[in-house]
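> Right, I'll just put the structure down here and ask away after.
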Amino acid sequence: MDTLTQEQRTRCMSRIKSKNTKPEIIVRKVLTKLGYRYRLHVKILPGKPDIVFSKRKLVIFINGCFWHQHQGCKRQSLPKTNTEYWHNKLQRNIEKQKKDIDELISLKWKVTIIWECDTRNEEVLTTSLKEVLRG
């Protein structure tokens with residue numbers, strides 16, 4: 001059972017952002033430290049990728065582990081109340097992103113996904129970003 005009232009839960013959920021999230025800012029800081037230039041949330045591309053390297057035709061999506069149901073991650077769990085609603089909503093998120101990625105690939109873009117939990121360790125994140133940008 002939920003420990004918050006419906007009004008408190010609504011207020012909580014309304015404060016969740018889709019842009020400029022903490023994991024996104026962490027990735028951007030690492031990229032800036034590495035000396036890369038990029039664009040943010042390019043609206044003309046499918047799915048409005050979080051980070052875009054136009055010259056390299058590379059996009060990066062920074063996914064929240066809960067919102068995109070990162071398999072094997074502890075943050076991926078389903079809420080205990082209103083489970084049918086949440087299952088359907090989160091499944092739509094996954095399907096929408098898969099469609100966007102398929103579209104980007106058909107447009108000859110390279111796609112990388114960085115999970116929220118991957119941003120916890122800056123050294124590992126830096127190494128993986130270097131690998132992605134090298135290739």
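> Would you mind working out the magnitude of the charge dipole of the chain relative to its Cα centre, with +1 at each Lys and Arg C-beta and -1 at each Asp and Glu C-beta, to the nearest 20 Debye?
Values: 29 positive and 14 negative charges, 119 e Å.
Dipole of the chain, to the nearest 20 debye: 580 debye.
> Give me the Debye-computed log₁₀ of I(q)/I(0) at q = 0.14, 0.32 Å⁻¹ for region 12-57, equal point scatterers on Cα only, no solvent, two decimals.
Debye curve over Cα of region 12-57, log10 I(q)/I(0) at q = 0.14, 0.32 Å⁻¹: -0.39, -1.20.
> Rank the residues E116, E122, E84 as a footprinting-exposure proxy: fewest other Cβ atoms within 10 Å of their Cβ go first. Show your work: numbers first, answer last.
On the way: E116 21, E122 13, E84 8.
With the sparsest Cβ surroundings first, the list reads E84, E122, E116.
> Take the Cα coordinates of the chain, assign each an equal point scatterer, and use the Debye formula without solvent to give log10 I(q)/I(0) at q = 0.14 Å⁻¹.
Taken in order of the listed q values, log10 I(q)/I(0) reads -0.71.
> Can you give the FRET efficiency to the nearest 0.05 for K98 and L133, using r as the Cβ-Cβ distance and R₀ = 22 Å?
Numbers: r = 24 Å, r/R0 = 1.07.
That gives a FRET efficiency of 0.40.
Any read-out appearing in this document is the output of simple, stated calculations on the displayed coordinates, not a laboratory observation. This one's a predicted model, so the numbers in the text were calculated from it and none came from an experiment. With ideal geometry, Cβ positions are generated from the backbone for all residues, glycine too; neighbour counts draw on all protein chains shown.
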